[in-house]
1. Enumerate the amide H contacts of V32 below 5 Å, restricted to partners 5 or more residues apart or on another chain; note that Pro and chain-start residues carry no placed amide H.
2. Considering Cα pairs under 8 angstrom that are at least six residues apart, work out the relative contact order of the chain and quote it in whole percent.
3. Using the alpha-carbon atoms, what tilt in degrees (0 to 90, nearest 10) does helix 218-233 show relative to the longest principal axis of the chain?
4. If you build a Gaussian network model of the chain, linking Cα atoms that sit under 10 Å apart, which residue out of R311, R110, R26 swings the most?
5. In segment 34-137, which GluC sites (Glu not before Pro) are in a loop and have at most 16 other Cβ atoms within 10 Å, using DSSP for the loop call?
6. For every helix of n ≥ 4 consecutive DSSP H residues, a contribution of -39,500 (n - 2.57) applies; sum these over the chain, divide by its total residues, and give [θ] at 222 nm rounded to the nearest 500 deg cm²/dmol.
7. What order do you get for K130, K377 when you list them from fewest to most C-beta neighbours inside 10 Å?
8. Quickly work out the A335-to-D405 label distance, labels modelled 7 Å from Cα along the C-beta direction, and quote it in nm with one decimal.
Amino acid sequence: MTQQHPVLVIGAGPIGLAAAAQLHERGEPFVVLEAGQTAAAAVASWQHVRLFSTWRYNIAPAARRLLAAPSCAGSEWQEPRETRLPTGSELIDEYLAPLAAHPAIAPRLRLGHRVTHVSRVTSAAETVDKTRSTGRAASLFLVRAETATGPTDFTARAVIDASGTWSTPNPVGRSGIPAIGEAGARDAGLVTGPLPDVLGADRSQFARRTTLVLGSGHSAATTLIALGRLRQQEPDTRILWGIRGEATPDRLYGGGAADELPARGQLGASLRRLVESGGASVLEHVSVTGLRAGNRLTVTLADGRELQVDRLVPATGFRPDLGILSELRLALDDAVDAPHALGPLIDPEFHSCGTVSAHGARELAHPEPGFFIVGSKSYGRAPTFLLATGYEQVRSVVAALAGDDAEAAAVELTLPRTGVCTAS
Ligand SMILES: Cc1cc2nc3c(=O)[nH]c(=O)nc-3n(C[C@H](O)[C@H](O)[C@H](O)COP(=O)(O)OP(=O)(O)OC[C@H]3O[C@@H](n4cnc5c(N)ncnc54)[C@H](O)[C@@H]3O)c2cc1C
């Protein structure tokens, strides 16, 4: 009975679309709900940023097979050169948009559908809330989405949550909670998004002003280097870089020349040049307790220091939105909010991108049969997710949903080992 219902995918980012390609290949009915007005809406928010992995790592094998097959629609897809590094915008134009528009996917993609709740219901429409165990495994999923015309309910035999973490950034404040005054400072526009377009659309916010960038990962590095370029053109631009701990070269610059992804290594090297030439001042032990919005932003730190800046860029990472899943039985890792078995494999205190072992349906399972979190959301609060990891996740998960246990268990992954995503 439930087999006639579709598999529902939440999110049409790179991983949700890869899941759709896998589901099509296996002949499984599916529907994809996407909050944005276009596919890959989160990638569109950082379209000005160049990826650090080449096309070789950025295309899902099932999507490549789908796009490369002769299409009755007549439009031929040109696979990008595998050694090239795309920007977010090129990732969309040359891969994700054609994939979303493919006749195998487009009719099953619902744009402007933001999922707000996931629960369960029997096929006879009996309620199955979180406390009900009898008949739970055989029940359907009930998924509610908010649309321009109001809420709509869908039923599904399985749910793959590929909704990413872009819409739930970590707060600026210390200890994982907002700084006092943070909401007001954000409303006043003095705290920007995590990856502003410093050299493009957002340039006037930063030119000849003082910016504080918080964080020590890839996003912080990207913004700092863009600010450094702006400073070459507008010498009165001031750059402060606030990090939580001490400014050791490893923490600041990652894998550097030893990085197996050269573009990521180069980012660390450029950052080192910017700091060593005095272009950016590093502030250690930055722990923000208060933000006060006026003409400028006053940033109060736990040790009593006070900084006056024009903009604060919070490159402080993301966390998963678990609120939409509160009616499901989840097993999550205590530390990183990833699926329980995956947590220890990706804990950023011990792992970089490349030391994550291959994993699939088995590690991503929850006590809720037929439900999986995949993609960047599956990493919870860990910052080390790579597209190639997610593509292998959805290959395994879709095999499991199709009843192909052997393929679901045969997980394989080769990733570069070092880089700026190393937290240790
Ligand atoms: C600046 C930057 C550079 C990166 N560079 C690389 C790189 O070089 N190589 C690499 O391998 N990885 C890179 N990553 C990491 C990662 O691969 C990307 O973040 C990738 O976009 C994650 O894909 P995803 O499909 O899991 O999530 P997302 O891309 O975030 O997609 C999720 C989708 O779900 C939608 N959505 C969200 N909530 C809902 C909801 N409630 N209902 C319906 N839809 C919803 C969103 O609108 C979005 O379209 C980078 C990340 C960033 C931020």
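1. V9, L109, R110
2. Computed value for the chain: 18 percent relative contact order.
3. 40 degrees
4. R26
5. E76, E82, E126
6. -6500 deg cm²/dmol
7. Arranged by neighbour count, lowest to highest, K130, K377 become K130, K377.
8. Using points 7 Å along Cα→Cβ, the separation is 3.2 nm.
Values quoted throughout were computed directly from the atomic coordinates according to the rules given, and no laboratory measurement underlies them. Just so you know, these numbers come straight off a predicted model, no measurement behind them. No Cβ is skipped: glycine too gets one built from the backbone with ideal geometry, and neighbour counts run over all protein chains shown.
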